[in-house]
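Novice: My questions all concern the structure below.
The numbers here are math on the coordinates, done by the rules we state, and not lab data. Small disclaimer: the values here were computed from a predicted structure and weren't measured. Note: ideal-geometry Cβ built from the backbone for every residue, glycine included; neighbour counts use all protein chains shown.
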Amino acid sequence: MYPVLFHIGAFSVPTYGLLVALGFLAGLLVALRLARRSGLPAEQISNLAVYCALVGIAGAKLFMFLFDWQFYLHNPGEIFTIATLQAAGVYHGGFLAALAFAFWYIRAEKLPLTLTMDCFAPGIALGHAIGRVGCFAAGCCWGRESHLPWAVTFHSQEAANVPIGVPLHPAQLYESAANLLLFAFLYRIFIKRHRPGIVISLYLILYGVIRFVIEFFRFHEQSLVWGLSLTQWISIGLVALGAFILFRANLWHRLQPV
């Protein structure tokens, strides 16, 4: 694939980093558009997006260390290497950290909780879809060996630690395509009249299911717990959280006076 987009002397532009940045900007534009449509203050929404991005990066790195704690325990010097700095980390870790921070920030700024999160849900799916293409280009989060017609084979020695010359499931593209469809679905739900909390709950449920399924096509270095990866257990938790929010949103609507 193309882990490095281009070189100018000693300077290089990594494809993954560029696409993650583009994904963030695309997601932010969608969130701002939906926030304006909902009458929410654009400045606070954009600040929340930037803060969540920073917290998400920290959370993704932290979960990366936790998932591979045995490796970093025996190789503590790897924590401070350029490779670790450039590594994307664990998406679920970043998402959960950003979600916790968003909950605190929204409460502190006295924004409507569920409506604000609804504004972000479609943009998160879109940004994730773009970012996963960058992940594919970098060769990280690769799939299991496959001999299906659409299997992909990496040849670049710069492509992370992906097996070279072995046909693999394009798991990154599976997730990218699923997130793109999820974005279109959530955006359509949002622009229609909907109860606050419905969009974010659907994101949590549907993305949890998507990631749970895709994990069966991914190569795993992490140990399994009762036959499932740690990421799949987190996905189950996201589905449960989304179902809880959905139940609360429907219950609140029924209790409101007509």
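Novice: Taking amide H positions as placed 1.01 Å from N in the peptide plane, with prolines and chain starts having none, which residues 5 or more places from GLY143, or on another chain, fall under 5 Å of its amide H?
Specialist: Under 5 Å from the amide H of GLY143: HIS169, ALA171, GLN172, PHE219.
Novice: Roughly speaking, what is the centre-to-centre gap between segment 89-154 and segment 190-229 when only Cα atoms are used, to the nearest Å?
Specialist: Each part reduced to its Cα centre gives a spacing of 10 Å.
Novice: Under 15 Å from the Cβ of TYR51, count the other residues' Cβ atoms, weight Lys and Arg +1, Asp and Glu -1, and hand me the total.
Specialist: -1
Novice: On to the next question. Could you rank the peptides 230-237, 169-176, 123-130 by their average count of other C-beta atoms within 10 Å per residue, with the highest value first?
Specialist: Output ranking for 230-237, 169-176, 123-130: 123-130, 169-176, 230-237.
Novice: Still on this structure, please answer the following. Along the Cα→Cβ direction, 7 angstrom out, place labels at GLU43 and ARG188. What is the inter-label distance in nm?
Specialist: Rounded to a tenth, the inter-label distance reads 3.8 nm.
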